[in-house]
Every structure is written in C-alpha cells, then in structure tokens.
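Engineer: What follows is a single structure, and I will ask about it in a moment.
The values are calculated or read from the model by the stated rules, or taken from the named source; none is laboratory data. Just so we're clear, the structure is a prediction, and the values are computed from it rather than from any experiment. Note that we place each Cβ from the backbone using ideal geometry, even for glycine, and neighbour counts take in every protein chain shown. These accessible areas exclude ligands, DNA and RNA; they are computed on the full protein's heavy atoms, side chains included. Shrake-Rupley method; radii C 1.70, N 1.55, O 1.52, S 1.80 Å.
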Amino acid sequence: MKEFDAIVVGAGPSGSEAAWALGKRGLLVGLATDSLDSVYRLETTPAGDPPANSLLELAWSPDPWTLHRQAKYALEAEPNVHLFQSSVAELLDDGGQITGVRTWEGLEYRTKVVVLAVGSFLGARLQVGELVEEAGRWGEAAYPDLYHYLRSRGFGFEEASYAVPQTPTTPAHTVRFHRLADWDPQTGRLPLAGLYAAGRVVLGHKTPLERALSGQRLGKRLGS
Ligand SMILES: Cc1cc2nc3c(=O)[nH]c(=O)nc-3n(C[C@H](O)[C@H](O)[C@H](O)COP(=O)(O)OP(=O)(O)OC[C@H]3O[C@@H](n4cnc5c(N)ncnc54)[C@H](O)[C@@H]3O)c2cc1C
C-alpha cells in the first residue's frame with residue numbers, strides 16, 4: 001500500500017497547482033485523475049500573468065493543448081509528485097481523521113491530507129437540448145461514486161451550473177453539478193480532519209486563473 005504526505009484528487013488547474021506547490025515544498029504527493037488526457041485541461045489559456053512559481057508559469061503556452069501537454073510532462077518529471085490515472089471513489093478515515101482514499105479498482109492509498117479538486121464532476125449532468133448525460137464537462141464522463149460516498153457521509157452540497165455557448169465543434173450545452181458546502185474559504189477545510197478542497201468544486205463562477213491560484217494557495221499553506 002502506497003503512502004503519501006498528501007493526495008490531491010483531480011488534476012485540473014486547481015489540483016495540478018496544489019500538487020505542484022506541495023511537491024516543490026518537499027511533500028510526497030499522489031495526484032489522482034480520472035484521465036491523464038485532461039490534466040490541466042482548459043478551453044483557452046487564461047489571460048493575465050501566470051502566478052509566480054506556478055505550474056502555469058512553467059507550462060504556459062497560448063495553445064491550451066500545448067499547455068496541457070507541458071503541464072503533464074512537468075508533473076511527471078517532478079520527483080515528489082506521483083501522477084496516476086484512477087477515479088477516487090471513497091475517502092478513508094479513522095474517528096474523523098482522514099487516513100487515505102480508495103479508488104474504484106479497490107486500491108487504497110494512505111495519507112493524512114486529502115485535497116478535493118474535482119471541479120464540476122460531483123453528481124454532474126451535461127444537458128444538450130433534451131439529451132442529458134452523466135458528464136462533468138464536454139466529452140468527459142462524471143463517475144458517481146465519490147459524490148454518492150460524500151452524500152452518504154452527510155456532506156452538504158449546493159447546486160451549481162455553467163452554460164457553454166455553441167462553438168464550431170460543440171453545440172450549446174449546460175453542465176449542472178454539486179459544489180461542496182461547509183467549506184472554509186480561509187483555510188480550505190471541509191468538516192473532516194485532514195480534508196481540504198480548492199477550485200470550482202467550492203469556489204463558484206470565477207475564472208480558471210483564480211481556480212488555479214486557489215490550488216496554489218492551498219498547496220503553499222499545507223506545505224509550509
Ligand atoms: C473544453 C472546455 C470548455 C470549457 N468551457 C467553460 C465555460 O464555458 N465556462 C466555464 O466557466 N468553464 C468552462 N470550462 C471549465 C473551466 O476550464 C474550469 O472551470 C476549470 O478547469 C476548473 O478548474 P478546476 O481545477 O476546479 O476543475 P477541473 O478543471 O474541472 O478539474 C477537475 C478534474 O478532476 C477530475 N476528477 C473528477 N472527479 C474525480 C475523481 N473522483 N477521481 C479522480 N479525478 C477526478 C476530472 O477528471 C477533472 O480532470 C471549460 C473547460 C474545457 C476543457
């Protein structure tokens with residue numbers, strides 16, 4: 001059984017930056033993602049200066065696919081970060097203190113710190129006209145396990161959504177999902193010792209750059 005100083009769930013901008021900041025501070029980090037193809041996946045490269053010492057600064061490109069590729073390579077090359085493709089289905093705890101995570105294959109990874117950075121993927125529904133799919137973003141399935149687990153453990157949620165206008169390659173659609181309530185914006189904590197969150201799963205409709213920054217801030221705080 002692998003043991004980490006911290007496990008980050010979700011490798012979008014917020015999770016990737018949290019893992020990067022933790023790893024750069026010498027912590028051994030497990031970074032779990034549903035798909036390695038969606039690491040730091042963005043529709044467009046964020047406008048504005050990338051935060052100093054961020055993964056975005058290192059991997060920056062005006063082309064979002066190049067940014068994705070460079071971010072993935074950088075994470076894979078960082079000795080303190082173990083990036084792996086798997087869906088986290090459950091959290092493990094002992095008397096209210098996080099002790100690890102369990103993936104949908106049944107593998108367990110030990111840690112005392114978990115960061116949930118799962119974006120718009122908790123209990124997500126993507127609607128195109130009358131058609132509704134279990135997807136947290138265009139072309140990306142949202143697996144229900146973690147959402148059902150958190151609900152069964154009494155975590156509170158707020159409903160959230162964002163509408164995406166038609167593009168040359170995709171029809172107009174709306175993503176509805178659940179944001180974690182009971183989150184402390186000062187500390188990033190959720191009501192289970194050792195459990196934190198960053199990014200869209202808690203922060204609302206701010207920009208991808210702000211979501212990336214929220215992950216970096218949390219990673220810096222937890223790593224100091
Ligand atoms: C093509 C495209 C178009 C977009 N259009 C818009 C738009 O019009 N408006 C808008 O506001 N935003 C849009 N976004 C989304 C925007 O980029 C996100 O808001 C931003 O990426 C959120 O960052 P995040 O890190 O919080 O979460 P995300 O980038 O969503 O990252 C979360 C990651 O967690 C992974 N994950 C989820 N659950 C698990 C689990 N249980 N185990 C392991 N991994 C898990 C997911 O696979 C995902 O990669 C778009 C994104 C893309 C790619």
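Engineer: When the chain is modelled as a GNM with alpha-carbon springs shorter than 10 Å, which of Gly26, Gly156, Gly129 fluctuates the most?
Structural biologist: Highest fluctuation of the listed residues: Gly129.
Engineer: Here is a follow-up. Going by Cα centres, the stretch 179-193 and the stretch 118-172 are how many Å apart?
Structural biologist: 21 Å
Engineer: Sticking with this structure for a sec: So, with +1 on the Cβ of K and R and -1 on the Cβ of D and E, and no other charges, what is the size of the charge dipole of the stretch 71-111 about its Cα centre, to the nearest 20 debye? List each step's numbers first, then the result.
Structural biologist: On the way: 3 positive and 7 negative charges, 22 e Å.
My answer is approximately 100 debye.
Engineer: Quick one: net charge around Leu222, please, counting Lys, Arg +1 and Asp, Glu -1 for every other residue with C-beta under 15 Å from its C-beta.
Structural biologist: Working: positive: Lys24, Arg25, Lys112, Arg189, Arg217, Lys220, Arg221; negative: Asp5, Glu17, Asp184.
Charge balance in the 15 Å sphere: +4.
Engineer: Moving on. How many nm separate the modelled label positions at Gln85 and Thr44, each set 7 Å beyond the Cα in the direction of the Cβ?
Structural biologist: 3.0 nm
Engineer: Restricting to DSSP H runs of at least four residues, report the calculated mean residue ellipticity at 222 nm for the chain, -39500 (n - 2.57) per run over all residues, nearest 500 deg cm²/dmol. Let's see the in-between values first.
Structural biologist: Working: 6 runs with 59 residues, N = 224.
Computed ellipticity for the chain at 222 nm equals -7500 deg cm²/dmol.
Engineer: Which of the listed residues, His82, Ser152, Ala212, is farthest toward the dipole's positive end in the chain, when Lys, Arg count +1 and Asp, Glu count -1 at the beta-carbon?
Structural biologist: Checking the options against the dipole of the chain, the answer is Ala212.
Engineer: Moving to a separate point now. Using a 1.4 Å probe and counting only protein heavy atoms, arrange Thr169, Thr207 so the residue with the most accessible area comes first. All intermediate terms of the calculation are to be shown ahead of the outcome.
Structural biologist: Numbers: Thr169 125, Thr207 65 Å².
Order by accessible area, largest first: Thr169, Thr207.
Engineer: Under the 0.36 nm per residue contour assumption, what length would be gained going from the current alpha-carbon distance of Leu131 and Leu36 to full extension? Before the final figure, lay out each step's value.
Structural biologist: Details: separation 95, 0.36 × 95 = 34.20 nm, distance 2.69 nm.
Residue separation times 0.36 nm, minus the Cα-Cα distance, leaves 31.5 nm.
Engineer: Set the Förster radius R0 to 22 Å, insert the Cβ-Cβ distance between Asp63 and Ala181 as r into 1/(1 + (r/R0)^6), and round the FRET efficiency to 0.05.
Structural biologist: Numbers: r = 36 Å, r/R0 = 1.66.
Step by step, r from the Cβ atoms, then E = 0.05.
Engineer: Let me ask something additional. Express in Å², to the nearest 10, the accessible area of Glu3 obtained by rolling a 1.4 Å probe over the protein heavy atoms while all chains stay in place.
Structural biologist: Taking all protein chains as shown, Glu3 has close to 120 Å².
Engineer: Ok, one more. Placing unit charges on C-beta atoms (Lys and Arg positive, Asp and Glu negative, everything else neutral), compute the dipole magnitude of the chain about its Cα centre in debye, rounded to 20. Write out the running numbers ahead of the final one.
Structural biologist: Values: 22 positive and 26 negative charges, 99 e Å.
Once rounded to the nearest 20, the dipole reads 480 debye.
Engineer: Select from Thr170, Leu195, Asn53 the residue farthest towards the positive end of the dipole of the chain; place +1 on Cβ of Lys and Arg, -1 on Cβ of Asp and Glu, and compute about the Cα centre.
Structural biologist: Of the candidates, Asn53 comes out farthest on the positive side.
Engineer: For Lys112, which lysines qualify as cross-link partners when the Cα separation must be under 18 Å and same-chain residues fewer than eight apart are set aside?
Structural biologist: Within the straight-line limit of under 18 Å, Lys112 reaches these lysines: Lys2, Lys220.
Engineer: Residues of the stretch 113-143 with the amide nitrogen closer than 16 Å to a label point 7 Å from the Cα of Thr174, along Cα-to-Cβ, please.
Structural biologist: Label zone hits: 124-138.
Engineer: Separate question: For Ser224 and Thr167, FRET efficiency with R0 = 41 Å and r from the beta-carbon atoms, rounded to 0.05? Working shown, then result.
Structural biologist: Details: r = 41 Å, r/R0 = 1.00.
FRET efficiency, Thr167 to Ser224: 0.50.
Engineer: Sticking with this structure for a sec: Using only protein heavy atoms and a 1.4 Å probe, report how much of Val201 is accessible, in Å² to the nearest 10.
Structural biologist: About 0 Å², rounded to the nearest 10.
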